[in-house]
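Have a look at the structure below before the remarks.
None of the figures in this text is laboratory data; all of them are computed from the coordinates on show. Predicted model only: the values in this text are computed from it and were never measured. Cβ atoms come from the backbone with ideal geometry, glycine included; neighbour counts cover every protein chain shown.
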Amino acid sequence: MPKKSPKYIFITGSIMSGLGKGILAASLSKLLQMRGYSVIPIKFDGYLNVDCGTMNPFRHGEVFVLDDGTEVDMDFGTYERFLNISLDTSSSITGGKLFQKIITKERRGDYLGRDVQFIPHLANEIKSWIRGVWESKDADIVLVEVGGTVGDFENGYFIEALRQMYYENPESIFIQLTYVPSLSPGEQKTKPTQHANRLLQSMGIKPDMIVCREDEKLSKEAKEKISMYCNVPFENVFDDPLVDTVYELPLVLEKQNIYLPIAEKLKLDKHKDANVKDWKKIVDNIKSSSKDLVRIAVVGKYTAVKDAYVSIKEALIHSSADQKVGVILDWVEAADLEDSEKSKKINLEKYDGIIVPGGFGKRGIEGKINAIKFARENKIPYLGLCLGMQLMVIEYARNVCGLKNANSAEFDKNTPDPVIYILPEQMQITEKGGTMRLGAYDADLKKDTVSHKAYNERVISERHRHRYEVNPDYIRKFEENSLVISGVHPKNNIVEIVEWSKDKFGFGVATQAHIELKSRLEKPAPIFVEFMKAAKERLSSRSL
Ligand code: GLN
């Protein structure tokens, strides 16, 4: 039995989605972590998919992958980038996982003689899951973020389980995130918050704290109203303003002393100061306006949906803060690079760096290959991620090794040169959910390559999500033509990283792994940092 008692933070959202609940959750966790407490976040998503691996990025944004291969919602990226920790599957609860569990148990006969009900069975399942995380991770605090908004059908039973936990565990706190619109400057409307709060109270929950997303700083009157009509002390109503960078939010909340009510309810040391110095320095680097700006193109398929590539965007922010430059990021639609008129307009020449991200399916592939060819021939720094690595290999095979019709078996089953082919272990698989090569795998790095210098380690571990790989039959041919195979999976020789010979083609590195997923504000992805350095060099050589 653990000696200390569990401490929980529960966060629900109200009124509408998209208020930044994940960023609030991550910011509060960070402020606790900066005081030396260990916090493990848990996110509940009400959908009935077991995980979001089968969802289209158009609809759901990026699929984030954890070390253990769990495919999760984008918010996990926010947690990890803020907290600089790696989470596992136990932090992700979905409606699908819960029902799958309950039904498996029922079929096994675990509830023999009983009718299986939302309350108590499902609620107990949730409670023991959350408590289990607190115990097994030996965390000081577990923070639970409820996806969606209060009043949604699909999270009602989950909120009831949290109500019970809150009742049973006195060292816990309920936080309601809300939105306070302004009809015109100075005219703040608190009614939506009052209604949302009433809805929460009708479920038996009186939040201890209300955090307000807002169009302008809350007036004293608005705060008083929220306090009076929502049963929350005036000092426990907080501003969650629009910030220049999301990484600034912990600092903004710290200034308002948001720690105090949390410390009080969770029985933490109220006098402990947060060590914000290093974090603040990085945030200042991001915000500084007196720096050079590199221009980066991300050539992708979902460029209209920014959330589809959020980890890449964040990794660029981390690496540019590290290199003290700013980034202008352009999303280039790959299909447009298949049309010579549109390509001319896009003019890739103006970029200091080009990225081809991960992706599936044939659309836009030739446009991406054109971008890579352009980068290689014009020595524009290139970074390829997963599909972006496979396409770098295809481009090289076609235009340097002379294999004119080389392709991936994913796009052309009959290609004479399948330089990218399906992973042998993938051939028999027919089910789509959770069946790719997923999660963290090691790579051995070749000495003195760009990758080796970047990591300064011989064995690294990065996260994967793919079905195809470089066909080992072609490795010799590539190496004879001076493509550098700088990272290989130690067991079955899967090519993990390739590089152009720097002298011939400039900076070009591509990884089978999604290295963007492990980039954190305090620990940027090493190859992104090298890419940023190369982009910076190109910028300064151009302005000479
Ligand atoms: N479609 C490719 C594969 O499955 C690349 C996947 C990706 O970029 N995540 O191997």
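Per residue, the average separation of C-alpha pairs within less than 8 Å and at least 6 apart gives the range 225-374 a relative contact order of 22 percent. The angle separating the long axis of helix 21-33 from the principal Cα axis of greatest extent in the chain is about 80 degrees.
Taking the DSSP bridge list for the range 32-152 and keeping only pairs wholly inside it, about 20 percent are antiparallel. The count of lysine pairs in the range 119-261 with alpha-carbon distances below 13 Å, taking only pairs 8 or more places apart or on different chains, stands at 6.
What shape does the range 323-440 have by the C-alpha gyration tensor, where a ≥ b ≥ c are the square roots of the eigenvalues, rounded means a/c under 1.5, and otherwise prolate means a/b greater than b/c and oblate the rest? Prolate.
Checked against a 32 Å cut-off, the cross-linked pairs Lys277/Lys453; Lys345/Lys536; Lys21/Lys267; Lys291/Lys504; Lys342/Lys523 give Cα-Cα distances beyond that limit for Lys342/Lys523. Karplus-derived 3J(HN,Hα) values for the range 44-56, using 6.51 cos²θ - 1.76 cosθ + 1.60 with θ = phi - 60°, are 9, 10, x, 4, 8, 5, 5, 9, 9, x, 9, 8, 7 Hz; glycine and proline are entered as x. The helix-based estimate of mean residue ellipticity at 222 nm for the chain, built from -39,500 (n - 2.57) per DSSP H run of four or more residues and divided by its residue count, is -10500 deg cm²/dmol to the nearest 500. Using a/c under 1.5 as the rounded threshold, could you call the range 402-499 rounded, prolate or oblate? The axes a ≥ b ≥ c are square roots of the C-alpha gyration tensor eigenvalues, and prolate needs a/b larger than b/c, oblate otherwise. The shape class here is oblate.
Roughly what angle does helix 220-230 make with the longest principal axis of the chain, taking Cα atoms, 0 to 90 degrees, to the nearest 10? Relative to the chain, helix 220-230 is tipped by roughly 70 degrees.
Think of the range 258-306 as having a plus end and a minus end, set by charges on the Cβ of Lys, Arg, Asp and Glu; of Asn275, Val299, Pro261, Val299 sits farthest toward the positive end of this dipole.
Relative to the longest principal axis of the Cα atoms of the chain, the long axis of helix 526-542 lies at roughly 60 degrees. Approximating the spin labels as points 7 Å out from Cα along Cα→Cβ, the Met203-to-Val252 distance works out to 2.5 nm. Dipole magnitude for the range 403-544: computed about the Cα centre from +1 point charges on Lys and Arg Cβ and -1 point charges on Asp and Glu Cβ, it is near 420 debye.
Shape verdict for the range 453-514, please, from the Cα gyration tensor: rounded (a/c under 1.5), prolate (a/b greater than b/c) or oblate. Here the range 453-514 falls in the oblate category.
Of the peptides 408-418, 264-274, 517-527, the order by per-residue mean of other Cβ atoms within 10 Å, starting with the highest, comes out as 517-527, 408-418, 264-274. Judged by the mean number of other Cβ atoms found within 10 Å, the most tightly packed of the peptides 21-30, 145-154 leads the ranking 21-30, 145-154.
Debye calculation, C-alpha points only, no solvent: report log10 I(q)/I(0) for the chain at q = 0.06, 0.07, 0.10 Å⁻¹, in the same order as the q values. Calculated log10 I(q)/I(0) at the listed q: -0.33, -0.45, -0.87. Over the range 1-97, Cα pairs under 8 Å with separation of 6+ residues give a relative contact order of 33 percent. The H on the amide N of Val180, modeled in the peptide plane, is under 5 Å from the matching H of Arg213, Glu214, Asp215, each at least 5 residues off or on a different chain. With each label modelled as a point 7 angstrom along the Cα→C-beta vector, the Lys324-Ser288 pair spans 0.5 nm. Placing +1 on each Lys and Arg Cβ and -1 on each Asp and Glu Cβ, with no other charges, gives the range 238-339 a dipole about its Cα centre of roughly 580 debye.
Among the listed pairs Lys30/Lys313; Lys313/Lys477; Lys379/Lys413; Lys101/Lys265; Lys280/Lys447; Lys301/Lys477, those with a Cα-Cα distance over 26 Å are Lys313/Lys477; Lys379/Lys413; Lys101/Lys265; Lys280/Lys447; Lys301/Lys477. Within the same chain, aspartates and glutamates fewer than 8 places from Lys105 are excluded, and of the rest, those with a Cα less than 18 Å from its Cα are Asp115, Glu125. The 3J(HN,Hα) values that the Karplus relation (6.51, -1.76, 1.60; θ = phi - 60°) gives for the range 307-315 are, in residue order, 5, 5, 10, 4, 5, 5, 4, 5, 4 Hz. Gly and Pro appear as x.
Using the Cβ-Cβ distance between Asp273 and Glu457 with R0 = 30 Å, the FRET efficiency computed as 1/(1 + (r/R0)^6) comes to roughly 0.30. Under a plain spin-label model, where a point goes 7 Å from the Cα along Cα-to-Cβ, how far apart in nm are Ser184 and Asp88? In this crude label model, Ser184 to Asp88 measures out at 5.8 nm. With θ taken as phi - 60° and the Karplus curve 6.51 cos²θ - 1.76 cosθ + 1.60 applied, the whole-hertz 3J(HN,Hα) list for the range 497-514 is 9, 10, 9, 6, 5, 4, 4, 6, 10, x, 6, x, 9, 9, 10, 5, 7, 8 Hz, x standing for glycine and proline.
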